[in-house]
Each structure stands twice: as C-alpha cells, then as structure tokens.
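Before any comments, here is the structure.
The values are calculated or read from the model by the stated rules, or taken from the named source; none is laboratory data. Remember, it's a predicted structure, so these values are computed and weren't measured experimentally. Positions of Cβ are backbone-derived with ideal geometry, glycine not excepted, and every protein chain shown enters the neighbour counts. To get the accessible areas, we keep the full protein, side chains included, count just its heavy atoms, and leave off ligands, DNA and RNA. Shrake-Rupley method; radii C 1.70, N 1.55, O 1.52, S 1.80 Å.
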Amino acid sequence: MPTYRLTIEYEGTRYSGWQAQGNTPKTIQGHLMRAASQVVGEVDVGGAGRTDAGVHAAAQVAHLRIRKAIDPQQLMRKINDLLPHDINLLHAVRVNDGFHARHDAVSRVYLYQIATRRTAFAKSFVWWIKDRLDVEPMAEAAAQLAGRHDFSAFTDKRLKEDESRVVVVERSDVVAVDDLILFRIEASHFLWKMVRKLVAFLVDVGRGEAKPDELAARLNRKVSAYQPTSPPSGLFLEAITYRGERFERPLVPIVPVEKR
C-alpha cells in the first residue's frame, strides 16, 4: 500500500490523547483517521508516540497507508481542511511502503515548560510554579539522567516481571529562558508518565526539598515508586528521529512566556 510519513502538530488540551479508542472519540489519531478516510477511503494510521490526555505535540510522526497513491501536498491540504483547528499536518512525504512510525523510530524528544510567573496566554502550555525554583541544582540533577538506567520508580504502570524498565537517555537538560524553565529529554523510548514524574522530582530539587544526587539514587528497580506527577499541560512531544537523522533544534520554548 502507498505509504506516507506525516508530521503533525497539535494542542492536546481538548483531547483524550493520541491513541484512538472505541469509547473515547476525542483522540488525535481518531480525528486523523476520519479526515484521511474522507479524502482517500480506507486508511491505516499509526503514530510514533502515544501522548496522553492533555499532552501536546510539536512534531508527532505518523505513517499513513492508503489504497491509491496521491500527491503528498494535495493529500496534506485536503486532510487539513477536515481537521479541527488544534490539529495540523506540517508535512507529508511518500516513503518506503515498509515504513512504520513507531517501530522505525530511533529516539523521541520531549520538552516540558515550567512557568515562573502567572500567564494568561500560555496557561494551557505550562505548569505554573509559585515557589521560587533554583535552576542550577535542577540542571545538575537532570544531567544525571543521561545513559542507560532503570526507571521503575518513575512510572505509574505496574510492570510485569519480563517487561523492560530500562531506558537509554541520550541527553537531558534544564535551562531558564525568560519566565520559563525548560526541561528537555531525548531517549530511545519512555515509560508511562516517566517524563512528568521526572519533572515533578526536578521541581522538588528546585524548591530545595530534594538534593540533585537523590535522583541518581532512584534509578534503581528496588526503590519505591515516586508518587508526584506534573500536569500534562506543560509537556510537548517535540520530535521523533529516525536512522540518519539528527535533532538539532535549539533549546527554546515552543510557546514562549516573555520576561515581565
């Protein structure tokens, strides 16, 4: 079947997540499948990252398989005409028919935005922390995430004995930009709610309620689960990379909050 690689941006606020489910019609994948099927008939759509309810994407990747080939630009225009205002196709390209958005992905990149002030316009895209946060120890803690670690303590899912808990983190950074603190992490894959739990721990470090080196101590299968979880509003799936690609976007906000 002719196969296309789609790059999609969306605001996740109104949706139940990426993955289409029978009893939850408001999903990103569901809207994309319905729009594409109106354009070309029977379709198969699969995403690279299964974002949760309320999580956004700056560049989600999906494969689209259809019965008959069509010009990619025409395909993108027609699908966009049928999508809601907060879901948008950025790119559509014809690829090898064996391309699989999830299985072929090499890494995923997530960005989390913490606001250090109240904001009217970016409320849906940040976690506002009223307490003063010290960025330096947060960055020190985040740097310890790089490498191969067991993240059992940073997931809500009860993993079976044979399920992998190990994640290879390529890079992990914290920076302050205007009235935002940004946390970016790139890894082979992620456990459920892993990024949001790591953000909650980094906030504890920024408040002085935890020390930076305590994070490394928790990267162990035998420690108890870390319970706090940051809200989905500040989280973006920033990019998906594939063989031969490099992610080189500067560490800057996706939705800025200017300094006041």
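Which of L251, W192, T24 sits farthest toward the positive end of the charge dipole of the chain, with +1 on the Cβ of Lys and Arg and -1 on the Cβ of Asp and Glu?
T24
Quick one: Cα centre-to-centre distance for the stretch 8-27 and the stretch 33-110, in angstrom?
Rounded to whole Å, the Cα centres lie 14 Å apart.
Ignoring any ligand, DNA or RNA, what whole percent of the accessible area of the stretch 91-235 comes from carbon and sulfur when the probe is 1.4 angstrom?
Carbon with sulfur: 48 percent of the solvent-accessible area.
Going by average Cβ neighbours within 10 Å, how do the peptides 55-63, 204-212 rank, with the highest at the top?
55-63, 204-212
I need the shape label for the stretch 78-134. Rule: rounded when a/c is under 1.5, else prolate if a/b > b/c, else oblate, with a, b, c from the alpha carbon gyration tensor. Don't skip to the answer; put the middle values down first.
Numbers: a/c = 5.49, a/b = 1.80, b/c = 3.05.
Oblate shape, in that a/c is at least 1.5 and b/c is the bigger or equal ratio.
At q = 0.10, 0.12, 0.17 Å⁻¹, what is the log10 ratio I(q)/I(0) for the chain, with the Debye formula run over Cα points and no solvent?
Values, matching the q order: -0.52, -0.73, -1.31.
Would you please classify the overall shape of the stretch 41-174 from the alpha carbon gyration tensor, given that a ≥ b ≥ c denote the square roots of the eigenvalues, rounded means a/c under 1.5, and beyond that prolate means a/b larger than b/c while oblate covers the rest?
Cα axes put the stretch 41-174 in the oblate bin.
Figure the gain on full extension for V168 and R94 (residue separation times 0.36 nm, minus the Cα-Cα span) and round it to one decimal in nm.
23.6 nm
Taking springs between alpha-carbon atoms closer than 10 angstrom, which of L83, L202, L64 fluctuates most in the Gaussian network model of the chain?
L83
Say we join alpha carbon atoms closer than 10 Å with springs in a Gaussian network model of the chain; which of N88, N96, N220 then has the biggest fluctuation?
Of N88, N96, N220, the Gaussian network model singles out N96 as fluctuating most.
Rg (Å, one decimal) plus Dmax (Å, integer) for the alpha carbons of the stretch 117-233?
Here Rg and the maximum Cα pair distance are 14.2, 46 Å.
With viscosity set to 1.002 mPa s and temperature to 20 °C, compute the Stokes-Einstein D of the stretch 23-90, Rh being the Kirkwood radius across alpha carbon pairs; µm²/s, no decimals. Please report the intermediate quantities before stating the final value.
Working: Rh = 12.6 Å.
Once the numbers are plugged in, D ends up at 170 µm²/s.
Please enumerate, by chain and number, the lysines with C-alpha under 25 Å from the C-alpha of K222, excluding those fewer than 8 residues away in the same chain.
K157, K160, K193, K197, K211
Please give the calculated 222 nm ellipticity per residue for the chain, where each DSSP H segment of at least 4 residues contributes -39500 (n - 2.57) and the sum is spread over every residue; nearest 500 deg cm²/dmol?
-6000 deg cm²/dmol
So if R0 is 30 Å, what FRET efficiency would H85 and D44 give, r being the distance between their Cβ atoms, rounded to the nearest 0.05?
The pair H85/D44 has a calculated efficiency of 0.75.
Which of the peptides 102-111, 10-19, 248-257 is most tightly packed, and how do the rest follow, judged by the mean count of other Cβ atoms within 10 Å per residue?
Working: 102-111: 18.9, 10-19: 20.4, 248-257: 14.7.
Output ranking for 102-111, 10-19, 248-257: 10-19, 102-111, 248-257.
Which whole-number percentage describes the relative contact order of the stretch 77-210, with Cα contacts under 8 Å and a sequence gap of 6 or more?
28
What percent does the relative contact order of the stretch 63-128 come to when contacts are Cα pairs within less than 8 Å and at least six residues apart?
On the way: 28 pairs, mean separation 16.9, N = 66.
Relative contact order of the stretch 63-128: 26 percent.
Expected output is a single nm value to one decimal: the length gained when fully extending between H103 and E209, i.e. 0.36 nm times separation in residues minus the C-alpha distance. What is it?
34.2 nm
Give the accessible surface of the chain per residue, rounded to a whole number of Å², with probe radius 1.4 Å and ligands, DNA and RNA excluded. Mind showing how you got there, number by number?
Working: 12910 Å² over 260 residues.
It amounts to 50 Å² per residue over the chain.
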